[in-house]
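Novice: First, the structure itself, so that you have it in front of you.
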Amino acid sequence: MADVPSYPDVIIVGGGIIGLSAAWRLLQDGAEVVVLDPAPGTGASHAAAGMLAPIHEAYWGESHILELNLAASQAWPAFADSLGADAVDYRRDGMLMAAYDADDKALLDNLGDLHEQEGLPVERLRSRECRAREPLLAPGVRGGVYSPLDHQVNPRRVVAELLNRVPTIPVSATEVSRNQVVASDGHTVTGQQVVVAAGAWSGRLLGVPIRPIKGQILRLSGPEGLLQLPVRGVVRGSSVYAVPRSDGEIVVGATQEEQGFDTRVTAGGVYELLRDVLTLLPGLSEIDLVETWAGLRPGAPDNAPIIGTGRDGIVYATGHYRNGILTAPITAIAIAALVQGHEPPMDLSRFSPDRFRDDPTDDALRPEHLSGVTA
Ligand code: FAD
Ligand code: GLY
């Protein structure tokens, strides 16, 4: 195998945004790192919209995820600067969540109660105030929530910048242990420490219940500034979002489907996204539809990421589900700390790889998680 250092400090399996960000952090700290991936940057990170939205991705019963997401948001400015904030189109305009009809407004009010309980800085807006912030919204919109803390970035540009900085080897891992990876070409790579960041495929390498959650997503292209703010809508009970980029691209997402490792784009998926986004933002109907895509979010049964050292000695960085772009920088800091034996930036106990077992000294997963291990 060409170009593999003889005994790197860290071997990272998986070159999506999580593995590459961890590698970049470790390289900045002076470690020798190599990332193994047959197709770096082509997984969920290529599909993602790039919302950095701790508030609009907050759900009841997930305070520990909210805490991680808020810490992640704070880590973003330095991370964006390290790659070039303009190069990755990092924007801090805030985000608007809008309700289309009265039932949607009730859903949003319920989330507003969560925001209040958690002390999150949001502004509840009436219909007219929503349209003053984002004139493209349909006149019928019932109300909304503006969150100045929710930001955005172009994930494809982030991955491209990371790939300019991080050495990758185009092989896939077939077996992993604490300090060794067997690659698909038969070679074994040995180093100090192995980190697995293989996204939705992590369950194939590790005994953790990570499953793929499919998201279909569209890219439209129009005049720059047509849509001013990222908008998340609830439209007759379904969720849709539109995220504008500085170059006029608008990303519209996303479905959420349990379909295994299927990445087909379907007529029904595209129809639902266009139906909902054009109901919410009718002014988008005349611009170009330039791409349809589908990616696989890596999801754990409790929706929380897996970040930590397992009882097998492997460092896990997976399960980032809907928020892997947001949480990449804080995950990278945590992984670097774990690898280097420093104190992680926050309490990681709720994200432990061994939380799916009754007995952390035993390999057996709890029975309810067995079907979640991807074969
Ligand atoms: P991936 O990007 O999937 O990367 C995993 C990598 O592992 C791949 O490159 C793959 O080739 C490699 N790999 C797999 N198996 C092996 C192996 N055996 N050996 C070596 N390499 C291997 N998050 C947000 O924060 N904001 C958003 O707006 C957002 N929008 C999204 C929209 C959609 C439609 C989807 C699908 C996801 C979205 N997400 C969003 C979630 C986010 O994309 C993911 O959480 C994140 O990309 C996960 O990154 P990852 O590096 O773990 O996985
Ligand atoms: N966070 C947006 C998505 O996963 O679709």
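The values are calculated or read from the model by the stated rules, or taken from the named source; none is laboratory data. None of the values given here were measured: they were computed from a predicted structure. Cβ sites come from the backbone with ideal geometry, for glycine too, and all protein chains shown count toward neighbours. Ligands, DNA and RNA are excluded from the accessible area calculation, which covers all protein heavy atoms including side chains. Shrake-Rupley method; radii C 1.70, N 1.55, O 1.52, S 1.80 Å.
Novice: Are there any pairs, at least 6 apart or on different chains, whose C-beta atoms fall under 9 Å, with the first in the range 218-245 and within 20 Å of A58 (Cβ to Cβ) and the second part of a strand (DSSP E or B) and among the polar types (S, T, N, Q), and if so, which?
Specialist: If the second residue must be part of a strand (DSSP E or B) and among the polar types (S, T, N, Q), the pairs left are P230/Q152; R232/S239; G233/S239; V243/Q152.
Novice: Being in contact with a helix residue (DSSP H, G or I) (Cβ under 7 Å, 6 or more places away or on another chain), closer than 22 Å to I287 by Cβ, within 16 Å of ligand 2 (Cβ to nearest atom) and open to solvent by less than 10 Å² (accessible area, probe 1.4 Å), is that true of even one residue in the range 198-214?
Specialist: No, the range 198-214 has no match at all.
Novice: Checking P77 against (1) away from ligand 2 (no atom under 15 Å from the Cβ); (2) closer than 22 Å to S246 by Cα; (3) open to solvent by less than 30 Å² (accessible area, probe 1.4 Å), only one condition comes out false. Which one?
Specialist: Looking at each condition in turn, P77 falls short on (3).
Novice: Need a quick list: helices (runs of 4 or more DSSP H) entirely within the range 1-93 having at least 2 residues that are more than 14 Å from ligand 1 (Cβ to nearest atom).
Specialist: 17-28, 63-83
Novice: Counting only residues that are touching a Pro at 6+ places or on another chain (Cβ under 6 Å) and open to solvent by 30 Å² or more (accessible area, probe 1.4 Å), how many does the range 16-44 have?
Specialist: 2
Novice: Which of the residues that make up the range 251-293 are among the β-branched types (V, I, T), part of a strand (DSSP E or B) and within 14 Å of ligand 1 (Cβ to nearest atom)?
Specialist: Within the range 251-293, V251, V252, T292 qualify.
Novice: Go through (1) within 16 Å of ligand 2 (Cβ to nearest atom); (2) surrounded by 22 or more Cβ atoms within 10 Å (Cβ to Cβ) one by one and return the number of the condition A332 breaks.
Specialist: Every condition holds for A332 apart from (1).
Novice: Are any residues in the range 255-271 touching a helix residue (DSSP H, G or I) at 6+ places or on another chain (Cβ under 8 Å) and not polar (S, T, N, Q), and if so, which ones?
Specialist: Once the filter is applied, which keeps residues that are touching a helix residue (DSSP H, G or I) at 6+ places or on another chain (Cβ under 8 Å) and not polar (S, T, N, Q), the range 255-271 yields E257, F261.
Novice: Another question, if that's okay. Does G225 satisfy the condition of being of a type outside the set (S, T, Y), open to solvent by 10 Å² or more (accessible area, probe 1.4 Å), farther than 30 Å from I314 by Cβ and part of a loop (DSSP other than H, G, I, E, B)?
Specialist: yes
Here is a yes/no grid of residues against (1) within 16 Å of ligand 2 (Cβ to nearest atom); (2) open to solvent by 60 Å² or more (accessible area, probe 1.4 Å):
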| site | (1), (2) |
| --- | --- |
| E258 | yes, yes |
| D262 | no, no |
| R275 | no, yes |
| L284 | no, no |
| D288 | no, yes |
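Novice: Give the residue that is modelled with the lowest pLDDT, with candidates limited to residues of the range 183-197 that are within 10 Å of ligand 1 (Cβ to nearest atom) and either open to solvent by 10 Å² or more (accessible area, probe 1.4 Å) or part of a loop (DSSP other than H, G, I, E, B) (or both).
Specialist: Checking each candidate, the answer is S184.
Novice: Checking R350 against (1) more than 25 Å from T266 (Cβ to Cβ); (2) part of a loop (DSSP other than H, G, I, E, B); (3) open to solvent by 10 Å² or more (accessible area, probe 1.4 Å), which test does it fail?
Specialist: For R350, the failing item is (2).
Novice: Return the residue satisfying two criteria in turn: it lies in the range 294-321 and is among the polar types (S, T, N, Q) and open to solvent by 10 Å² or more (accessible area, probe 1.4 Å), and of such residues it is farthest from ligand 2 (Cβ to nearest atom).
Specialist: Filtering first and then ranking leaves T309.
Novice: Name the residue that is nearest to P353 (Cα to Cα), counting only residues in the range 305-343 that are more than 13 Å from ligand 1 (Cβ to nearest atom) and charged (D, E, K, R).
Specialist: Filtering first and then ranking leaves R311.
Novice: Continuing with this model, one more query. Tally up the residues in the range 49-69 that are within 14 Å of the chain's Cα centre (by Cα) and open to solvent by 20 Å² or more (accessible area, probe 1.4 Å), please.
Specialist: 1
Novice: I would also like to ask the following. Going through the range 137-149 one residue at a time, which ones are more than 9 Å from L96 (Cβ to Cβ) and not in a strand (DSSP E or B)?
Specialist: Within the range 137-149, A138, P139, G140, V141, R142, P148, L149 qualify.
Novice: Then there is this: Test each condition in (1) open to solvent by 10 Å² or more (accessible area, probe 1.4 Å); (2) within 16 Å of ligand 2 (Cβ to nearest atom); (3) within 16 Å of the chain's Cα centre (by Cα) for Q152 and report the one that comes out false.
Specialist: Answer for Q152: the failing condition is (1).
Novice: A follow-up question, please. Is there any pair linking a residue in the range 42-56 that is within 16 Å of I213 (Cα to Cα) to one that is assigned to a loop (DSSP other than H, G, I, E, B) and more than 9 Å from ligand 2 (Cβ to nearest atom), with Cβ under 6 Å and at least six apart or on different chains, and which?
Specialist: G43/G16; S45/G16
Novice: Here's something else I'd like to know. Could you list all residues from the range 228-241 that are more than 13 Å from ligand 1 (Cβ to nearest atom) and either surrounded by fewer than 24 Cβ atoms within 10 Å (Cβ to Cβ) or not in a strand (DSSP E or B) (or both)?
Specialist: Q228, L229, V235, R236, G237, S238
Novice: Let me ask something else. I'm trying to understand the selection: among the residues of the range 157-182, which are surrounded by fewer than 24 Cβ atoms within 10 Å (Cβ to Cβ), under 16 Å from A23 (Cα atoms) and of a type in the set (A, V, I, L, M)?
Specialist: Matches in the range 157-182: A160, L163, V166, I169.
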